[in-house]
Amino acid sequence: MGRNPRSLRLVAAVALAAIVAGCAAGVRSASDALDTALTATPGDSARGREVIAGRDGNCLLCHEVPRTGVRFMGNLGPPLAGVGARLTPGQLRLRLVDSKRLNPESIMPSYYRIEGLVQVAAAYRGKTVLSAQQIEDAVAFLVSLR
Amino acid sequence: MLPRSLRHACALACLFVWTCTQIGPVFAADAERPSPLRSGIEFTSADVRSLQDDDFQNPGMLWVTRGEELWRVAAGKSGKSCADCHQRAETSMKGVAARYPVYDAAAGDVVNLEGRINLCRTHRQAAKPLVYESENMLALTTYVAHQSRGARVEGAVPTELRASFERGRERYRKRIGQMDLACTHCHQQNWGRTLLAQTISQGHGNAYPAYRLEWQSLGSLQRRLRACYFGVRAEMPPYQSPELLDLEVYLAWRGRGLTIETPGVRR
């Protein structure tokens with residue numbers, strides 16, 4: 001109330017700057033995608049299918065995925081039918097590598113991250129869930145789900 | 001001197017603050033309890049339910065029978081059996097499991113049913129403690145807990161259990177393991193959904209010790225908890241570690257009002 005109009009304007013300017021910066025960050029694809037492949041060898045869709053449906057990725061615990069030939073699949077996450085049309089390869093890659101960069105509350109495990117994990121069983125300590133190549137293979141398969 | 005109404009307001013405020021410090025944490029945690037409260041048996045298939053409901057088919061009843069025998073067997077230097085002190089379990093042990101875990105002043109610690117049985121063995125019977133998860137320990141625990149079948153889990157958090165409760169509550173929400181998941185992610189946020197082919201329940205302890213078809217055996221609540229640790233690829237705490245006991249305290253509070261099913265049957 002006792003504020004002078006000058007400081008008010010300053011506050012407004014700072015707020016506006018923050019909003020603009022926030023929007024810019026949201027628009028920049030870098031924050032929503034990992035466009036650079038993790039390996040030089042391009043992903044192999046057939047192997048990606050194995051990663052996703054098999055024990056290594058175990059994605060079917062939480063997702064319904066078409067073309068896996070599996071009858072019972074979980075529903076903790078959204079169905080992945082058509083995900084290749086919804087998301088770019090870079091967006092898919094980021095979601096597999098570390099979905100918590102997008103949503104810190106996510107329950108989806110980070111498949112290519114070791115930092116910040118606690119009380120990891122000895123057999124898995126210091127290891128990512130999937131290898132870089134497996135991530136690329138899984139992305140290749142997801143891209144084919146259109 | 002403050003005006004009277006202000007003094008009243010102050011007194012009320014003090015009372016309010018005091019009340020909050022007394023019931024605050026538990027009250028605040030109340031929103032974390034699943035609603036409506038449902039036992040794990042409600043999430044299982046009809047064949048599992050009928051196995052649990054029929055004493056002649058329920059495989060867990062074998063451990064009840066074995067426990068009933070052990071109840072009368074003298075052990076240790078005392079030459080006394082459980083029955084020598086507690087007489088008929090049907091009356092003396094009725095409702096006991098519904099109150100556990102408890103705080104034991106002599107032990108200065110949280111004690112679950114298995115822990116109590118071993119305190120009786122070492123202190124009263126002058127016998128060797130039973131190995132956790134051994135057949136005899138499972139049999140006695142199951143027999144004792146079975147006497148409370150149908151009783152409602154009390155899940156009280158007296159002052160002495162408060163610290164353990166708070167640790168358990170925190171632990172319940174702590175992400176662990178390579179899967180980076182907490183108990184709350186599955187059993188609070190996602191109960192009723194399916195993980196591959198299994199429906200996730202609210203994760204209560206009211207059926208334990210329970211017979212699990214996957215184990216082809218009966219097991220304790222802590223064994224079940226360790227299975228969840230294994231699932232998220234976390235380092236497993238040893239049996240009777242403070243970590244698991246704290247979780248048991250929190251789980252009893254979280255499931256208070258459910259009926260004891262021991263011996264439960266689960267997939």
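Structure notes:
- Residue satisfying condition, being open to solvent by 10 Å² or more (accessible area, probe 1.4 Å), at pLDDT below 95 and farther than 19 Å from B:SER92 by Cβ, within set B:ALA163, B:ALA197, B:ALA126: B:ALA197
A quick yes/no check of all residues on (1) assigned to a helix (DSSP H, G or I); (2) assigned by TED's automatic domain parsing to the domain that holds B:GLN216; (3) farther than 25 Å from B:TYR211 by Cβ:
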{"residue": "B:ARG38", "(1), (2), (3)": "no, yes, no"}
{"residue": "B:GLU42", "(1), (2), (3)": "yes, yes, no"}
{"residue": "B:LEU51", "(1), (2), (3)": "yes, yes, no"}
{"residue": "B:THR65", "(1), (2), (3)": "yes, no, no"}
{"residue": "B:SER78", "(1), (2), (3)": "no, no, yes"}
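- Every residue from segment A:96-138 that is of a type in the set (A, V, I, L, M), closer than 21 Å to A:ALA53 by Cα and facing chain B (nearest Cβ under 8 Å): A:ILE107, A:VAL129
- Within the set A:VAL65, A:VAL70, the sole residue that is within 29 Å of B:GLN188 (Cα to Cα), open to solvent by less than 60 Å² (accessible area, probe 1.4 Å), modelled with pLDDT under 95 and within 14 Å of another protein chain (Cβ to nearest Cβ) turns out to be A:VAL70.
- The residues on offer are A:VAL97, A:VAL83, and the sole one that is over 17 Å from B:ALA234 (Cβ atoms) and in contact with a Ser or Thr (Cβ under 9 Å, 6 or more places away or on another chain) is A:VAL97.
- For segment B:95-113, the criterion of being modelled with pLDDT of 95 or more, of a type in the set (Val, Ile, Thr) and touching a Pro at 6+ places or on another chain (Cβ under 8 Å) is met by at least one residue.
- Residue match in segment A:32-40 (condition: under 27 Å from B:GLY177 (Cα atoms), of a type in the set (Asp, Glu) and either within 14 Å of chain B (Cβ to nearest Cβ) or without any contact (Cβ under 8 Å) to a residue 12 or more places away in the chain (or both)): no
- Counting only helices (runs of 4 or more DSSP H) that sit wholly inside segment B:92-193, those with at least 1 residues that are away from every other protein chain (no Cβ under 14 Å), closer than 30 Å to B:GLU69 by Cβ and in contact with a Phe, Trp or Tyr (Cβ under 7 Å, 6 or more places away or on another chain) are B:113-119, B:135-146.
- Here the condition is being closer than 16 Å to B:ARG233 by Cα, basic (Lys, Arg) and touching a helix residue (DSSP H, G or I) at 6+ places or on another chain (Cβ under 9 Å); of B:ARG169, B:ARG175, B:ARG212, B:ARG193, it holds for B:ARG175 alone.
- If the condition is being closer than 21 Å to B:GLU42 by Cα and touching a Lys or Arg at 6+ places or on another chain (Cβ under 8 Å), then segment B:216-249 contributes B:LEU218, B:GLY219, B:ARG224.
- Within segment B:101-144, tally of residues that are of a type in the set (Gly, Ala, Ser) and within 26 Å of B:VAL157 (Cβ to Cβ): 5
- Against the list (1) more than 12 Å from every other protein chain (Cβ to nearest Cβ); (2) small (Gly, Ala, Ser); (3) without any contact (Cβ under 8 Å) to a residue 60 or more places away in the chain, the condition A:SER45 fails is (3).
- Restricting segment B:210-228 to residues that are within 14 Å of chain A (Cβ to nearest Cβ) and surrounded by fewer than 21 Cβ atoms within 10 Å (Cβ to Cβ), the residue that is farthest from B:ARG49 (Cα to Cα): B:ARG226
- Helices (runs of 4 or more DSSP H) (entirely within segment A:82-146) containing at least 3 residues that are open to solvent by less than 40 Å² (accessible area, probe 1.4 Å): A:89-98, A:132-143
The values are calculated or read from the model by the stated rules, or taken from the named source; none is laboratory data. Because the structure is a prediction, the values reported are computed rather than measured. Heads up, the Cβs are rebuilt from the backbone with ideal geometry, glycines too, and the neighbour counts pull from every protein chain shown. Heads up: the accessible areas ignore ligands, DNA and RNA and are worked out on the full protein's heavy atoms, side chains in. Shrake-Rupley method; radii C 1.70, N 1.55, O 1.52, S 1.80 Å.
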